[in-house]
1. Can you pull the one-decimal nm distance between simple spin-label points at VAL197 and PHE77, each 7 Å off the Cα toward Cβ?
2. What part of the accessible area of the chain, given as a whole %, is carbon or sulfur when the probe is 1.4 angstrom?
3. When a/c is below 1.5 the answer is rounded, else prolate if a/b is larger than b/c, else oblate, so apply that to the range 1-88 with a ≥ b ≥ c taken from the square roots of the Cα gyration tensor eigenvalues.
4. Just the accessible area for ASP145, please: 1.4 Å probe, Å², rounded to the nearest 10?
5. Quick one: order LYS134, LYS111, LYS85 from most to least accessible surface, probe 1.4 Å.
6. Given a 1.4 Å probe and heavy atoms of the protein chains only, how would you sort VAL10, VAL70, VAL105, largest accessible area at the top?
7. Skip the ligands, DNA and RNA, and give the accessible area per residue of the chain with a 1.4 Å probe, whole Å².
8. Could you tell me the calculated FRET efficiency between PHE19 and LEU40, based on Cβ-Cβ distance and R0 = 22 angstrom, to the nearest 0.05?
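The values are calculated or read from the model by the stated rules, or taken from the named source; none is laboratory data. Owing to the predicted nature of the structure, the values given are computational and were not obtained by experimental measurement. Note that we place each Cβ from the backbone using ideal geometry, even for glycine, and neighbour counts take in every protein chain shown. Surface accessibility is based on the protein's heavy atoms, side chains included, excluding ligands, DNA and RNA. Shrake-Rupley method; radii C 1.70, N 1.55, O 1.52, S 1.80 Å.
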Amino acid sequence: MKWGAVTSPVLPFLIGLWFIRRQKNMQFRLLFLFITIGILTEAASLITLMLGTKNNLWLGHLYTFLAFSVLASVFYFSFSRPLLKRAIIGGIIGLFCLIYYDAFVTDGLAKMNSLSRIAASSMLIVMAITYFYKVANNGKVIYLDRDPMFLLSCVVLIYYAGTSMSYAIFNEALAISYDMARICLSIILILNILFYVSHAFILRRMAA
């Protein structure tokens, strides 16, 4: 399961790499960048393990901000209302401040960044629901399965809602036993595989 989660971004990355030269769509490029960040983070995690680093949870703080910023930017280009665009920019700035607080004031770099991950997940869920509202008020949309942003919103809602609880209780579970912490990680790994596999289909829709 671990290696499945680690290698899961490879499929959408290869699909994105195949279409990237013919794409001028900013949302496609941003989603491809999001997947690339996932691959680089997994590679960095493996390298730190091979070097004998006992704790590489600090990567989570960096990944949370970069991944959220890029994915939020995908939603940024899907909205036309200035208020929503400003709210997304404000969310990125707010998350940066929260990650700094989480990493250097409360939990520290050596622990799972539960607080900032939950905040990032919550904001992305709100963006997905907001896009659902936009689609519901757009009478021109007939086939939702042809709308890549609708599909992305569905995937975001399922993935981030499912992983938020696991991140929320990870540090407490680790304090109880390693087995409890492994259960949380197993849930995250399964959802991670489904999340990235779904991105392969979404990128193909964006490239169509």
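1. Inter-label distance under the simple model: 2.8 nm.
2. On the way: 8050 of 11500 Å².
Looking at the chain in its full context, I get 70 percent from C and S.
3. Working: a/c = 3.29, a/b = 1.55, b/c = 2.12.
Oblate, since a/c reaches 1.5 and b/c is not below a/b.
4. Accessible area, nearest 10 Å²: 80 Å².
5. Largest accessible area first, the list is LYS111, LYS134, LYS85.
6. Working: VAL10 65, VAL70 15, VAL105 90 Å².
Sorted descending by solvent-accessible area, the residues read VAL105, VAL10, VAL70.
7. Working: 11500 Å² over 208 residues.
Ligands and nucleic acids excluded, the result is 55 Å² per residue.
8. Working: r = 20 Å, r/R0 = 0.90.
Using R0 = 22 Å, I get an efficiency of 0.65.
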